[in-house]
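So the structure is just underneath, and the comments pick up after that.
The values are calculated or read from the model by the stated rules, or taken from the named source; none is laboratory data. In this text, all values refer to a predicted model and were calculated from it rather than measured experimentally. Here Cβ is always computed from backbone atoms with ideal geometry, including for glycine, and neighbour counts include all displayed protein chains.
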Amino acid sequence: MSATLKDRVAKQRRQLEQTLAAPLSELAARLVPDMGDRQQLEATLKNNCGTLKDCKYMYVLDDKGIQITANMTRRGTDESQLGRDRSLRPYMAGAFGNTSFRLSSAYISRRKRRPSLTAIQVIRDAAGQRIGFLGVDYDLRELTHSESMYEEDRQWRQLKGDPSIRSNLFMQSRVQSPMDDHMQDVFSLMDELMTLQGVYHGKFHFASSRATVWHVDDPFDYHILSIEELINPDICLAWPRRPYFDRAIVPPDMIMPVFKRFGALRFADETIYLRAGSLNIVNGMIGLNFSCDGSHYLPCTEFMDKGLDFWFGAGAQQ
């Protein structure tokens, strides 16, 4: 998980912890006198289910982690978990220490197989001894989330691929594809689609001689273009004419140099070569996938600053 994504998740968790800590502490204190009375415990839980926003289940465990009440919900009572040993569940890890409140990491629930969270509040008697636990479960799909959109950290990322492909790398070599034969025509047409006809993301699949493109008028769908379509200028008649996308951060005169760099990476070496390359003019990111199945994602400007010798060694310039 990237640092930016970790920060976003941590912020969401802090907000939830701040929302839960005080109410659960107060509720746990009210449960102390009734720890030996299941009916009274369930009555108290039922009366408080509606006070915790987005709560899925609420229940009480004894000091060993055994459930001693039914699951209480805003819709009714579920007795199927009564007597269940929850002591080894991931959300109980650390709950037997000195802490009084803990919000678990997200986990996949055992029953519904859904991403979930559990808050655990220790129940202590007047002497401060642990006599049980108050548990509150949340289904992530029902949990209120932040309305702001997560923004990807646009830094160079390198991902390793299939180990079996890497181990057999030097037993393979590039095979000339139809896209390789018509590369300049394909690049010219894609440049036209991006600069004048609203395509903001395009990916070349060199080995399979196809491309996938995303258009500003229909951003939730993508189109697959065959090599026959990619070398036929008539395809431009099928696309609406659009001004260069106002959210683009890649200058239009940089698009063709990027494509030419793709071509250079495709032909620079017969063993280690580019299999697929993509450009997104909105976030300015380049995607590369090589014959070793390694992938790189990096900003367009950083990509253009690197010469072929960076990828293949000093001899690649020749």
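Tell me, please, whether a residue that is of a type in the set (G, A, S) and touching a Leu at 6+ places or on another chain (Cβ under 6 Å) can be found in the range 118-131. So far as the range 118-131 goes, yes, one or more of its residues are of a type in the set (G, A, S) and touching a Leu at 6+ places or on another chain (Cβ under 6 Å). Restricting attention to the range 249-292, the residues that are within 20 Å of Q155 (Cβ to Cβ) and not in a helix (DSSP H, G or I) total 16. Take Q81 and decide whether it is touching a Phe, Trp or Tyr at 6+ places or on another chain (Cβ under 8 Å), closer than 20 Å to A28 by Cβ and surrounded by fewer than 19 Cβ atoms within 10 Å (Cβ to Cβ). Against the criterion (touching a Phe, Trp or Tyr at 6+ places or on another chain (Cβ under 8 Å), closer than 20 Å to A28 by Cβ and surrounded by fewer than 19 Cβ atoms within 10 Å (Cβ to Cβ)), Q81 qualifies. Does K46 meet the test of being under 20 Å from P115 (Cα atoms), modelled with pLDDT under 90 and of a type in the set (K, R)? Criteria not met by K46.
Condition check ((1) in contact (Cβ under 8 Å) with a residue 60 or more places away in the chain; (2) outside the structural domain of I120 (by TED's automatic domain parsing); (3) outside any helix (DSSP H, G or I); (4) hydroxyl-bearing (S, T, Y)) across all residues:
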| site | (1), (2), (3), (4) |
| --- | --- |
| S25 | yes, no, no, yes |
| V32 | yes, no, no, no |
| N47 | no, no, no, no |
| K53 | yes, no, yes, no |
| M58 | yes, no, yes, no |
| M72 | no, no, yes, no |
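For the range 50-57, the condition of being modelled with pLDDT under 80, surrounded by 14 or more Cβ atoms within 10 Å (Cβ to Cβ) and either closer than 30 Å to Q155 by Cα or of a type outside the set (D, E, K, R) (or both) holds for at least one residue. Filtering R102, R113 for residues that are assigned to a loop (DSSP other than H, G, I, E, B) and assigned by TED's automatic domain parsing to the domain that holds G132 leaves a single hit, R113.
In the range 193-235, counting only strands (runs of 3 or more DSSP E) that sit wholly within it, the ones holding 2 or more residues that are surrounded by fewer than 20 Cβ atoms within 10 Å (Cβ to Cβ), in contact (Cβ under 8 Å) with a residue 40 or more places away in the chain and out of contact with any helix residue (DSSP H, G or I) (no Cβ under 7 Å at 6 or more places or on another chain) span 199-205.
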